[in-house]
Each structure stands twice: as structure tokens, then as C-alpha cells.
């Protein structure tokens, strides 16, 4: 995806498995997936793990990856939520490869609904 060699850390392995899943199981075009891109939030340079865009080119699903040994905690969710202030994706997912937390955000009502599975 990034057209360069990347060290296969435990977090990177989770990211690569998710990319494979989205491309080969969910039929997401590889061109709709962005990996580790830089963005500026409140004058700070941040890098999101993965974003899947919709057919209109808008962020649809933002994903934060952690190593399998890392327990998914509130701080992981807050990190992704902070990135999403800029991205405005309607779906958020945090994953360590073993556990996944997925939610849908309704920006009009400001409600968050946690989901059992992806809606696509």
C-alpha cells in the first residue's frame, strides 16, 4: 500500500492483516485505503494508522491498530476520536488483531452506537 519496505512490527502485522481482510474479504478497492498518512491537528503533526474512503473520496472508516499484546483501552479510543475530529469518518474501529471495537458516529445527533460487525 505504501510502496516501500516496512519493518514488520506486531502493530504492522495487525495493520497488514486488516488491509488483506478489507481488500480480499470485503472487496474494498486498494485505492480507497490510506495507511499511515500525516495530518495536522491543533498545530501538531499526527499520523493515522488506516482510513478507508467511500466512493466519493470522503473518510468512511478510521482504524487505529495496536499490537496483539496491547489491551484496547479508553486511551486508544480517545486517540482515534481525536484523529476523527479532523477526518470526520462515520465509522471508527480500534483493533489489536484479537479484539476489535467498532462504532458508528451520527454527527447530526452526536450519538455513538457500538456495532458488533461492519455494516458493509
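Read-outs throughout are calculated quantities, based only on the coordinates presented, and are distinct from any laboratory measurement. Nothing here was measured: the structure is a model prediction, and the numbers come from that model. Virtual Cβ from ideal backbone geometry, glycine too; neighbours counted across all protein chains shown.
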How long are the semi-axes of the equivalent ellipsoid of the chain, taking √(5λ) for every eigenvalue λ of the Cα gyration tensor, in whole Å from largest down? 20, 17, 16
Highest GNM mean-square fluctuation, the chain, Cα pairs closer than 10 Å: which of 93, 50, 39? 39
Per-residue ellipticity at 222 nm for the chain, helices alone: DSSP H runs ≥ 4 residues times -39500 (n - 2.57), over residue total, nearest 500 deg cm²/dmol? -6500 deg cm²/dmol
Of the candidates 60, 83, 21, which one comes out as most mobile in a Gaussian network treatment of the chain with C-alpha springs shorter than 10 Å? 21
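With r defined as the distance between the Cβ atoms of residue 117 and residue 32 and R0 fixed at 22 Å, what FRET efficiency is calculated, to the nearest 0.05? Working shown, then result.
Values: r = 19 Å, r/R0 = 0.88.
Result of the calculation: an efficiency of 0.70.
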Can you tell me how much longer the chain between residue 110 and residue 24 gets when fully stretched, taken as 0.36 nm per residue apart minus their C-alpha distance, in nm with one decimal? 27.7 nm
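How high is the relative contact order of the chain? Use alpha-carbon pairs under 8 Å, at least six apart in sequence, and give a whole percent. Present the calculation step by step, with values, prior to reporting the outcome.
Details: 190 pairs, mean separation 23.5, N = 120.
That works out to 20 percent.
Between residue 98 and residue 56, 0.36 nm times their residue separation minus their Cα-Cα distance comes to what? Provide the component values of the computation, followed by the final result.
Working: separation 42, 0.36 × 42 = 15.12 nm, distance 3.10 nm.
Stretched fully, the residue 98-residue 56 segment lengthens by 12.0 nm.
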